[in-house]
Amino acid sequence: MAVFHNIDNLPSFNNAVLTIGTFDGVHQGHRVILKEVVVHAAKVGGESVLITFDPHPRKLLFPDQPLGIITPLEEKERLLHEAGIAHIIVVPFTQEFAHLSAREYVEEFLVGKFKPHSIVIGYDHHFGHDRKGNIDMLKEYAPVYNYQMIEIPAQLIEAAAVSSTRIRNAIKEGRVEDAAHMLARDYSLKGTVVHGNKLGRTIGYPTANLQLLDNEQIMPAIGVYAIRARYKGVLYGAMMSIGYNPTVTDKKEVRIEANLFDFDMDIYGDELEIIFVKRLRNEQKFDSLEALVEQIHQDKRDTLEVLGAQ
């Protein structure tokens with residue numbers, strides 16, 4: 001796989017089979033398109049080329065509407081590679097690029113830089129300033145610039161019953177199992193282990209406090225989760241609390257804390273990946289520290305049951 005971030009210094013692709021989109025989540029609906037790109041590229045003896053954008057276009061176009069991303073760029077690139085895409089072009093989404101007219105987008109960007117053999121897109125794809133370009137326009141230009149148009153019909157994408165918006169909502173609401181079904185994988189995020197208040201170790205449940213690597217990634221709803229934690233390539237059963245710790249503090253600061261089972265290492269400053277399996281319960285304020293500890297005992301039992309059932 002090759003990843004290009006400079007669109008002014010691209011190689012000449014052989015029979016480029018293009019697809020274009022944000023592909024946040026690289027979910028099952030996206031994979032319908034990706035499969036067609038890979039299959040068609042092999043059929044015509046060409047190269048699969050995917051064009052995506054950074055930052056997400058909605059961040060630039062609607063700065064007052066927080067989006068929350070599902071997959072940070074590095075993770076998205078990895079997933080696209082696993083789907084078989086040979087070349088990924090990461091286009092810097094700037095005001096200048098956003099103001100390309102639909103015609104300029106086709107003539108100067110798609111044709112001028114990629115000279116595509118084929119373009120594969122979903123039925124509802126829009127592009128150019130004010131999203132005035134659509135699939136009909138691409139079909140109109142196809143004979144002019146000698147490329148094939150391959151449209152992914154609505155029923156194929158909708159059969160996956162999935163969209164990035166639905167996945168974002170599921171994660172925000174803590175429905176990580178629903179998100180996993182739509183993604184065809186468990187939702188995950190990465191963070192750096194930082195120092196906390198050290199309360200966990202005094203009650204027999206030392207926790208790794210996390211600072212997210214990408215603050216724009218969606219955080220699941222406040223609550224307690226059964227998770228798996230990946231540290232230096234090794235997976236550990238674990239449970240996680242996302243919340244305010246109301247039993248022990250009045251601070252309105254969200255903390256992200258993971259208790260890894262059968263784990264005893266100093267990992268401050270190291271990276272930890274959190275893989276969400278199931279939301280166990282809401283956050284609660286207990287009358288005493290003893291009541292909190294008893295609930296944590298139950299949370300561990302519940303987590304082991306969830307992880308053991310997989």
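The values are calculated or read from the model by the stated rules, or taken from the named source; none is laboratory data. Since this is a predicted model, take the numbers as computed values, not measurements. Ideal geometry is used to build each Cβ from the backbone, glycine not excepted, and the neighbour counts take in all protein chains shown.
At-a-glance table
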{"quantity": "Unmet requirement for ALA170, which otherwise passes all of (1) among the small types (Gly, Ala, Ser); (2) out of contact with any Gly (no Cβ under 8 Å at 6 or more places or on another chain); (3) on the phi > 0 side of the Ramachandran plot; (4) not assigned by TED's automatic domain parsing to the domain that holds LEU34", "calculated": "(3)"}
{"quantity": "THR94 of a type in the set (Ser, Thr, Tyr) and under 14 Å from the mean Cα position of the chain (by Cα)", "calculated": "no"}
{"quantity": "From VAL39, VAL17, VAL49, residue being at pLDDT 95 or above and under 23 Å from the mean Cα position of the chain (by Cα)", "calculated": "VAL49"}
{"quantity": "Qualifying position, being within 18 Å of LYS113 (Cα to Cα), touching a residue at least 24 places away in the same chain (Cβ under 8 Å), surrounded by fewer than 18 Cβ atoms within 10 Å (Cβ to Cβ) and touching a strand residue (DSSP E or B) at 6+ places or on another chain (Cβ under 8 Å), among ALA16, ALA86, ALA2", "calculated": "ALA2"}
{"quantity": "Lone qualifier among VAL106, VAL90, VAL144, VAL111 - being in contact with a His (Cβ under 6 Å, 6 or more places away or on another chain) and among the hydrophobic types (A, V, I, L, M, F, W, C)", "calculated": "VAL90"}
{"quantity": "Listing of helices (runs of 4 or more DSSP H) fully contained in segment 150-266 that carry 3 or more residues being within 30 Å of SER118 (Cβ to Cβ)", "calculated": "154-159, 164-172"}
{"quantity": "Any hit, segment 39-54, residues being of a type in the set (Val, Ile, Thr), out of contact with any helix residue (DSSP H, G or I) (no Cβ under 9 Å at 6 or more places or on another chain) and more than 21 Å from TYR145 (Cα to Cα)", "calculated": "yes"}
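For every residue, the table says whether it meets (1) within 24 Å of the chain's Cα centre (by Cα); (2) at pLDDT below 90; (3) of a type outside the set (D, E, K, R); (4) over 17 Å from ASP186 (Cβ atoms).
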residue: SER241; (1), (2), (3), (4): yes, no, yes, yes
residue: THR249; (1), (2), (3), (4): no, yes, yes, yes
residue: GLU253; (1), (2), (3), (4): no, yes, no, yes
residue: LEU272; (1), (2), (3), (4): yes, no, yes, no
residue: ARG279; (1), (2), (3), (4): yes, no, no, no
residue: GLN284; (1), (2), (3), (4): no, no, yes, yes
residue: GLN295; (1), (2), (3), (4): no, no, yes, yes
residue: ASP299; (1), (2), (3), (4): no, no, no, yes
residue: ALA309; (1), (2), (3), (4): no, yes, yes, no
